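No lab work stands behind these numbers, since they all come straight from the coordinates. Computed from a prediction, not measured in an experiment: that's the story for all the values here. Backbone-built Cβ (ideal geometry, glycine too); neighbour counts: all protein chains shown.
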Amino acid sequence: MRNPLAEKVVEIKPSGIRKFFDIVSEMKDAISLGVGEPDFDTPWHIREEGIYSLERGRTFYTSNSGLKELRQEVCNYMRRSQGIDYDPLKEVLITVGGSEAIDIGLRAMINPGDEVLIPQPSYVSYEPCAILAGAKPVIINLKAENQFRLTARELEEAITDRTKILILPFPNNPTGAIMERKDLEAIAEVILKHDIFVMSDEIYAELTYKDKHVSIASLPGMRERTILINGFSKAYAMTGWRLGYACGPENILQQMTKIHQFAIMCAPTTSQYAAVDALKNGDEDVAQMRTAYNQRRRYLMNAFREMGLECFEPFGAFYVFPCIKEFGMTSDEFATRFLEEEKVAVVPGTAFGDCGEGYLRISYAYSLENLKVAIGRLEAFVTRLRSSR
Amino acid sequence: MRDELLAIIEKNSRMDLKDLAVILGVEEIDVVNELAALEAEGIVCGYHTMINWEKTNIDKVTALIEVRVTPQRGQGFDSIAERIYKYPEVRSVYLISGGYDLMVILEGKTLREVSSFVSDKLSTMETVLSTATHFILKKYKDHGTVFSRKKEDEREMITP
C-alpha cells in the first residue's frame with residue numbers, strides 16, 4: 001500500500017506538552033500548575049444566554065462570518081478598548097477560538113516560501129500552522145534580559161526579502177510578558193519600513209496588570225496591515241465554548257472568511273449568543289477575575305523571591321516563567337523530577353520553543369489555596385536540590 | 001487598596017496579615033493600619049464565620065418577618081427598628097422599600113420560640129400594624145456561598 005500520509009504533516013513535531021500530558025495522566029494523585037485555561041466558571045449570565053438560545057430553538061447555522069449582533073458587539077468593544085473602528089459587515093470574522101483565526105489568517109496570506117516571523121517562547125500552534133500554510137517559519141528567540149519582549153533590533157535582524165508576516169503574541173503565553181506602547185512603537189517603525197504584515201494574537205488582552213493593553217493595530221499606519229485576533233476563552237473563562245474572532249482590513253478578512261466558509265461554515269451558534277452577552281454585560285466579571293489573577297501573581301512572585309528562584313516580573317496573561325538554570329538540569333528533567341518526586345505538574349519552557357530551555361511555565365489559573373500547596377512542594381523540591389549539590 | 005482588602009476579607013477574614021500584604025502588593029504594616037482604620041471607622045464591624053447549621057446536630061429555626069409599622073414623628077422608623085433589634089434573637093433588621101417597612105430576620109431554637117416572639121413581643125408593639133412570618137425551609141446560598149456543592153477541578157491537567 002502507498003503511504004497514505006502527507007509528509008508536511010508527518011514532519012511536524014508533536015507538541016512538547018503532549019508528551020508531558022501522557023505522564024501526568026498516569027498519575028492519579030498529582031496536582032497541576034499546568035493548565036492554560038481559567039479556573040473560573042463562565043459567568044452565569046453568559047451561560048444563561050447560551051441556555052436561553054437553546055430553549056428558543058436557535059440551533060441553526062449563523063451567517064458564515066458570525067451573528068451580525070455579535071460582530072457589532074466586537075466592533076463596539078474594539079472601539080471602546082482600543083479606539084479602533086472596524087466595519088462589522090466586512091472587517092470582522094467570528095471563528096472557532098482564536099486558534100482557527102491563526103490558522104486561516106496564515107493560509108489566507110502566505111504564498112509558498114514566504115517567511116513568517118515567530119517570536120518564541122510562544123503558544124504552540126504558530127509554527128505548525130505556518131508550516132501547514134506553506135510558509136517558512138523563522139524563529140526569533142526572545143530574551144529574559146528584555147523581559148521576553150520583542151525589540152526593534154531583534155525584529156530588524158530577522159527580516160529578509162521573503163518576510164511577509166510577523167506574529168505578535170502578547171500578552172504572552174507562556175512568559176506572561178507584555179508589550180507596552182513604547183515597545184510597540186519601536187517595532188511598528190521597522191514593520192512599516194519593511195512593508196510586512198502583523199498577526200497580533202491578543203487573546204490575553206484583558207489580562208494585564210500594569211497599564212491597559214495596547215493593540216499594535218491602534219498605532220498609526222498599522223490598522224491596515226494587522227490582523228487582530230482575540231476571543232472569549234481567557235477574558236470570560238469560556239475556553240470550552242470555542243469562540244474567537246479576527247478583525248482586520250477587508251481584503252484579508254474576505255479571504256479568511258472564504259476559507260472559514262468552506263472549512264467550518266460558522267462558529268457554534270450557542271456560543272455566539274452567549275458571547276453577545278459577554279461583551280454587553282461582562283466587563284465587571286472580567287475586572288473581578290483580573291483582580292484575582294493579579295493577587296495570585298503577586299503571591300507567586302513573592303514566593304519565588306523568598307525561595308531565591310529567579311523570575312522576571314510578568315505583567316500579563318496568567319503565567320509566570322521562572323528560571324531554573326541554577327540547578328543544572330534541562331527544563332524537561334526538572335519538570336519530570338518535580339512531577340515524580342513532588343507530584344506537581346508544570347510545563348517545561350521548551351514546550352514553547354527551544355529558547356524556553358532553562359525555564360518553566362507555571363500557571364496561576366488556580367485558587368490561592370491550591371497555589372499555596374503546590375508552591376510549598378516546589379520550595380521543598382528546590383531546597384532538596386540545592387542541599388544535594 | 002481599601003476596596004480590594006474589603007472584598008478579600010469579606011470572603012475570608014482568616015487570611016493572615018502577611019498573605020494579605022503579599023497579594024495586595026503592600027507592606028504588612030499598611031494592612032495592619034488599614035484594618036485598624038476600617039474598624040475605627042465602623043466599616044469593619046466584625047469577623048464572622050459561615051456555618052451550615054443544617055449539617056450540625058444543633059436545631060435552629062430562622063424566620064423572615066415582614067413588619068408594617070407607623071413611623072413616628074421626628075424619628076421615622078429608627079426608634080421602632082431599635083426597639084426590635086435590641087432583642088438578641090433578632091439577627092438582622094432592614095428598612096425596606098415596597099409593600100412593608102421592616103424586614104426582621106429572627107433565629108430561634110424551635111418554631112414555638114419564634115412564633116411566641118412574633119405574637120407576644122413584636123405584634124404587641126404599639127407602632128406595629130401587622131406582621132407576616134416566613135419560615136426558612138432550606139438555605140441554598142448565603143453570603144455568596146453555595147452550601148451544597150464542593151466543586152472538583154474538571155480541567156485537563158496540562159493544556160497549552
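Things to note:
- Rg(Cα) / (2.2 N^0.38 Å) computed for chain A, rounded to two decimals: 0.99
- Modelled FRET efficiency - R0 51 Å, B:Met15 with B:Arg68, Cβ distances, 0.05 increments: 0.75
- Mean-position separation - Cα centroids, region B:16-67 and region A:32-55, in angstrom: 29
- Here the sum of -39500 (n - 2.57) over DSSP H runs of 4 or more residues, divided by the residues of chain A, equals -13500 deg cm²/dmol at 222 nm, to the nearest 500.
- Whether chain B is rounded, prolate or oblate, judged on the alpha carbon gyration tensor where a/c under 1.5 counts as rounded: oblate
- Förster-model FRET efficiency, 60 Å R0, B:Glu82 and A:Thr383, C-beta, rounded to 0.05: 0.55
- For the options A:Ser65, A:Ser25, A:Ser200, a Gaussian network treatment of chain A with springs between C-alpha atoms closer than 10 Å singles out A:Ser25 as fluctuating the most.
- Of the trypsin sites (Lys or Arg not before Pro) found in region A:78-168, those that fall in a DSSP loop while having at most 14 other beta-carbon atoms within 10 Å are A:Lys143, A:Arg162.
- Measuring r between the beta carbons of B:Met50 and A:His45 and using R0 = 30 Å, the FRET efficiency lands at 0.80.
- Binning all Cα-Cα separations of region A:38-114 at 5 Å, short to long from zero, yields these whole-percent fractions: 3, 12, 13, 20, 22, 17, 8, 3, 2, 1.
- With 0.36 nm allotted per residue and the present C-alpha distance subtracted, the A:Glu340-A:Gln72 stretch has 91.5 nm of extension available.
- Euclidean distance of C-alpha centroids, region A:99-152 and region A:174-251, integer Å: 14
- Inter-site label distance for A:His194 and B:Thr124 at 7 Å from Cα along Cβ, in nm: 9.0
- Net charge dipole size for the protein assembly as shown [Lys, Arg +1 and Asp, Glu -1 on Cβ; Debye, nearest 20]: 880
- Region B:63-160: trypsin sites (Lys or Arg not before Pro) falling in loop per DSSP and having at most 10 other Cβ within 10 Å: B:Arg73, B:Lys86, B:Lys138, B:Arg149, B:Lys150, B:Lys151
- Of all the options A:Glu115, A:Glu341, A:Glu224, the one that moves most in a Gaussian network model of chain A with Cα springs shorter than 10 angstrom is A:Glu341.
- Secondary-structure-derived ellipticity at 222 nm for chain B, considering helices only, amounts to -8000 deg cm²/dmol, per-run term -39500 (n - 2.57) for DSSP H runs with n ≥ 4.
- Helices meeting the span-like rule in chain A (full DSSP H runs, Cα extent of at least 24 Å along the helix axis, mean Kyte-Doolittle score of -0.5 or higher): A:368-387.
- Taking label positions 7 Å along the Cα-Cβ direction at both B:Glu39 and A:Ala263, the computed distance is 6.1 nm, reported to one decimal.
- Taken along the Cα-to-beta-carbon direction at a fixed 7 Å, the label points for B:Ile29 and B:Tyr94 span 4.2 nm.
- Direction-averaged projected area, Cα convex hull, region B:53-138: 5.8 nm², rounded to one decimal.
- Taking the charge dipole of the protein assembly as shown about its Cα centre, with +1 at Lys and Arg Cβ atoms and -1 at Asp and Glu Cβ atoms, the residue from B:Tyr94, A:Ile140, A:Gln120 reaching farthest to the positive side is B:Tyr94.
- When the charge dipole of chain A is built from unit charges on Cβ atoms (+1 for Lys and Arg, -1 for Asp and Glu) and taken about the Cα centre, the candidate among A:Phe60, A:Ala177, A:Leu106 whose Cα reaches farthest toward its positive end is A:Phe60.
- Global form of region A:9-69, assessed from the alpha-carbon gyration tensor, a/c cut-off 1.5: oblate
- Sequence of B:Lys60, A:Lys234 once ranked by neighbouring C-beta atoms within 10 Å, starting from the fewest: B:Lys60, A:Lys234
- Coil-residue GluC sites (Glu not before Pro) of region B:1-82, DSSP, other Cβ within 10 Å capped at 14: B:Glu27, B:Glu41
- Three-way shape call for region A:1-133 based on the alpha-carbon gyration tensor, with the a/c threshold at 1.5: oblate
- Region A:258-292 versus region B:124-160: alpha-carbon centroid distance in Å: 30
- Kirkwood-Stokes translational diffusion coefficient of region A:179-300, alpha-carbon pairs, 25 °C, 0.890 mPa s, µm²/s: 151
- Charge dipole magnitude, Cβ of K and R +1, D and E -1 - region B:53-138, Cα centre, debye nearest 20: 120
- Cα lying deepest toward the dipole's positive end in the protein assembly as shown, options A:Thr350, B:Ser130, A:Phe304, charges on Cβ: B:Ser130
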